[in-house]
1. Just to confirm my numbers, what's the Cα centroid distance between the stretch A:1-22 and the stretch B:13-60 in Å?
2. List the relative contact order of chain A as a percent without decimals, with contacts defined as Cα pairs under 8 Å and 6+ residues apart.
3. Grab the alpha carbons of the stretch A:58-108, take their convex hull, and tell me the volume per residue in Å³.
4. Take residue B:69 and residue B:20, extend 7 Å from each Cα along the Cα→Cβ direction, and tell me the distance between the two endpoints in nm.
5. Looking at chain B as a GNM with Cα springs under 10 Å, which of B:46, B:65, B:74 has the largest mean-square fluctuation?
6. Would you mind ranking A:104, B:45 by Cβ crowding within 10 Å, fewest neighbours first?
7. Write down the percent of antiparallel bridges among all DSSP beta bridges whose residues are both part of the protein assembly as shown, to the nearest 5.
8. With springs only between Cα atoms under 10 Å, which of A:71, A:86, A:62 fluctuates most in a Gaussian network model of chain A?
């Protein structure tokens with residue numbers, strides 16, 4: 001069964017550094033998402049992306065964050081200048097369409113900011 | 001209370017018993033989705049129930065939706081030790097899923 005893959009599984013970065021998290025969504029899916037989960041907390045929506053532009057973003061997704069689909073397969077989340085509070089699991093998801101379709105999640109990237 | 005609140009927060013049962021988890025939500029939803037998450041892993045989609053549906057089944061899973069009460073329940077029948085995980089409901093509004101805190105289910109062999 002097709003799945004969403006994320007790399008790396010664990011990323012350790014110094015505070016203030018830029019980090020790029022990578023995702024390969026399911027190949028025929030059109031909608032892409034990023035979520036994060038701080039340790040012990042619930043999964044929070046960051047951003048949705050469709051047709052090469054942001055569809056919706058949360059209040060968490062400030063100017064430090066950006067997303068990109070640089071080619072036909074990858075979907076990336078960039079954090080420009082990381083802060084300690086950015087430490088979390090970051091999950092990528094994709095869905096075939098927007099209407100009444102499940103979002104399929106990857107296994108996440110654990111981001112640790114030192 | 002917050003959106004997508006699950007109840008109970010933790011549930012411990014014996015293998016073979018049924019497990020029921022409840023979820024309340026606040027917004028007008030397009031659909032409601034249930035997911036499970038094993039420790040350190042991503043969310044695995046279980047069932048999607050549309051706002052005009054009242055009940056849905058998938059294998060040992062049964063989901064109900066009561067839009068008048070803004071609540072949903074997930075029933076797992078004949079539970080197995082492998083069902084041990086956290087279970088989340090996610091309300092879909094627009095393109096975003098809003099999750100609650102989840103129910104931690106432990107099935108003891």
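1. 28 Å
2. Once normalised by length, the contact order is 38 percent.
3. Given the Cα convex hull of the stretch A:58-108, per-residue volume reads 109 Å³.
4. 0.9 nm
5. Residue with maximal mean-square fluctuation among B:46, B:65, B:74: B:46.
6. Details: A:104 22, B:45 17.
The order, fewest Cβ neighbours first, is B:45, A:104.
7. Values: 74 of 83 bridges.
The antiparallel fraction comes to roughly 90 percent.
8. In this elastic network of chain A, the residue with the biggest mean-square fluctuation among A:71, A:86, A:62 is A:71.
Values quoted throughout were computed directly from the atomic coordinates according to the rules given, and no laboratory measurement underlies them. All figures in this text were calculated on a predicted structure; none of them were measured in a lab. Reconstructed Cβ throughout: ideal geometry from the backbone, glycine too, with neighbour counts over all protein chains shown.
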